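All of the numbers you see were taken from the coordinates with simple rules; none came from a lab. Note that the structure is a prediction, hence the values are computed from the model and not measured. Positions of Cβ are generated from backbone atoms using ideal geometry, with glycine treated the same way; all protein chains shown enter the neighbour counts.
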Amino acid sequence: MAATGGPNDLSSEMELDAFRRLFPIRFHERHLLESIRPDGRALGRARDTTLMLGAVASANGSALAKIGCTTMLAAIKMEVMTPTTEAPDEGCIAIDFHMPPICSPLVRPGRPAEVAPVISKQLSDTILSSGMINLKELCLVSGKAAWMAYLDIYCLDADGALFDAALLSAVAAFSHFLRIFTICPDDRGSGSLAVQIPVVSLNDEGE
């Protein structure tokens, strides 16, 4: 770690932090006038973004996404389910967003973050309504067996843009989807049929 320039630098940092806490509006107004952000970035410059696929070896698809310091870990686990009568040839996706205390000092143990269920709902609405995933691709045997995809997203560091980072990790995890083989009863009720989940395609039409 680099050493500070001396007591004067430390004093200046403390004064700047005190000014930011006491006068937050004036603090940000001064940065806006100079067209820079508090971290030194230009207003139009995005934070650095990184992705790592396959972050969880035991998952069927996973990704680690970072936007600036905000860090999300997404993992997908698959289970075979009986499809609903309303959609006998479709699988399902269940999405859950978690904010453990490690992600922010504002999140207390035993007290779930209020924003977590809101982001879970936003993620579900966005992914399911976008057509990004074709649920018919999750069907194994029409009316008898389909895949249930459990997508869990964990916030490891909350430093803004939570939804953006969570959505990025979710899309990346689905793009890392691994091919799975399973055994299902055949249509005659005797013997078995080897079926597999296709690699899920990610495009505008979900095909």
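Of note:
- Each part gets one Cα centre, and for segment 125-146 versus segment 37-94 those centres are 17 Å apart.
- With neighbours defined as other Cβ atoms within 10 Å of a residue's Cβ, the residues ASP17, ASP89 order from fewest to most as ASP17, ASP89.
- Amide N proximity, segment 65-109 versus MET52 label position 7 Å along Cα-to-Cβ, cut-off under 18 Å: 65-76, 103
- Projected label distance in nm at HIS28 and GLU114, using a 7 Å step from Cα toward the beta-carbon: 1.8
- Lys/Arg +1, Asp/Glu -1 at C-beta; segment 49-197 dipole; positive extreme among HIS176, SER142, PRO83: HIS176
- Computed E for ILE36/ASP157 - FRET, C-beta separation, R0 25 angstrom, nearest 0.05: 0.60
- Scalar couplings 3J(HN,Hα) for segment 101-118, obtained by applying the Karplus form with A = 6.51, B = -1.76, C = 1.60 to θ = phi - 60°, are x, 5, 7, 6, x, 7, 9, 9, x, x, 10, x, 5, 5, 7, 4, x, 5 Hz; x denotes Gly and Pro.
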